[in-house]
Amino acid sequence: MKPGLPIAAVLVAKLFFIASPLVAADGAPSYAGKSSDLMYLDNGVVLEGRGLETPDGYTSGFRLTAGFSPLNMPRLDLGAELSYRESDEVPTQFGDQPMILNTTSLGGSLVAGVRLGQLGLYAKSGFTEWEGDPVTRSDEMLFATAGTTRVQGFGARLQHNRLISRLEFEEFDAPSMAHMNLITASIHYPF
């Protein structure tokens, strides 16, 4: 992990808590999922937590997002995201060798979005640290794979009355983590 990354994460966290007089509360952030799961703190920070699970059943975990909207730019949303994922028995390749891998990853991203009426658009960029252990052990595979890779993504959120729809793309820039590249879509209607 790069030495400057923890310092940057601490600075972003301090910015959220110091910026309380500069915060506007003008609806749910552009990157938010279901508006009922949001927690609004007194200093204007908005927290959202949700579970993650891939449709193929290989990966599960959670995502925590904290963000705010500056008072002088109420349609702009800034945030930071922390995510943890575990994948069990994922078929992948290392070089030209096929293998089955259990992986664990912990990552962080900066998120920025803009609200245009009922439409919210956002993008994120960050890094994740991952470690994998081969399930199939043989003489030539007595190793564990690990690394740090870049994470990037973008999404859209459309809210009409109580109906909330989302579309998100997220990409991991490592061949061994390709099973976590996702395009997700959801529709939420609370009643």
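Given axes a ≥ b ≥ c from the Cα gyration tensor, I'd like to know whether the range 42-85 is rounded (a/c under 1.5), prolate (a/b larger than b/c) or oblate.
Working: a/c = 4.21, a/b = 2.88, b/c = 1.46.
Because a/c hits 1.5 or more and a/b exceeds b/c, the range 42-85 counts as prolate.
Using C-alpha pairs below 8 Å separated by at least 6 residues, the relative contact order for the range 90-132 is 37 percent.
Remark: spin-label model distance residue 158-residue 88 equals 3.7 nm, labels positioned 7 Å along the Cα→Cβ axis.
So what is the relative contact order of the range 50-191, in percent, for Cα pairs below 8 Å that sit 6 or more residues apart?
Working: 330 pairs, mean separation 21.9, N = 142.
Relative CO of the range 50-191 lands at 15 percent.
Karplus-based coupling profile of the range 52-69, in residue order and whole Hz: 10, 8, 7, x, 7, x, 6, 10, 9, x, 8, 9, 10, 10, 10, x, 7, 10, with θ = phi - 60° in 6.51 cos²θ - 1.76 cosθ + 1.60 and x standing for Gly or Pro.
If you take the alpha carbon radius of gyration of the range 143-191 and divide it by 2.2 N^0.38 Å, what ratio comes out, to two decimals? Before the final figure, lay out each step's value.
Values: Rg = 15.5 Å, N = 49, 2.2 N^0.38 = 9.7 Å.
This ratio for the range 143-191 stands at 1.60.
Under the classification rounded if a/c is under 1.5, otherwise prolate if a/b is larger than b/c and oblate if not, where does the range 24-133 fall, given a ≥ b ≥ c as square roots of the Cα gyration tensor eigenvalues? It comes out prolate by the Cα gyration axes.
Between the amide H of residue 127 and those of 108, 151, distances stay under 5 Å, these residues lying 5 or more places away or on another chain, with hydrogens modeled in the peptide plane.
Using packing as a proxy for protection, rank 167-174, 103-110 so that the peptide with the highest average count of other Cβ atoms within 10 Å comes first. Write down the numbers at each step before the final one.
Working: 167-174: 16.4, 103-110: 19.6.
In decreasing order of mean packing, 167-174, 103-110 become 103-110, 167-174.
About the centre of its Cα atoms, the range 55-132 shows a dipole size close to 620 debye [charges on the beta carbon of Lys, Arg (+1) and Asp, Glu (-1) only; nearest 20 debye]. Stretched out straight at 0.36 nm per residue, the stretch from residue 40 to residue 178 would grow longer than its current Cα-Cα span by 46.2 nm.
Throughout, read-outs are computed from the coordinates displayed, never taken from laboratory work. Here the structure is a predicted model, which is why all the values come from computation and not from measurement. As a convention, Cβ positions derive from the backbone with ideal geometry for all residues, glycine included, and neighbour counts pool all protein chains shown.
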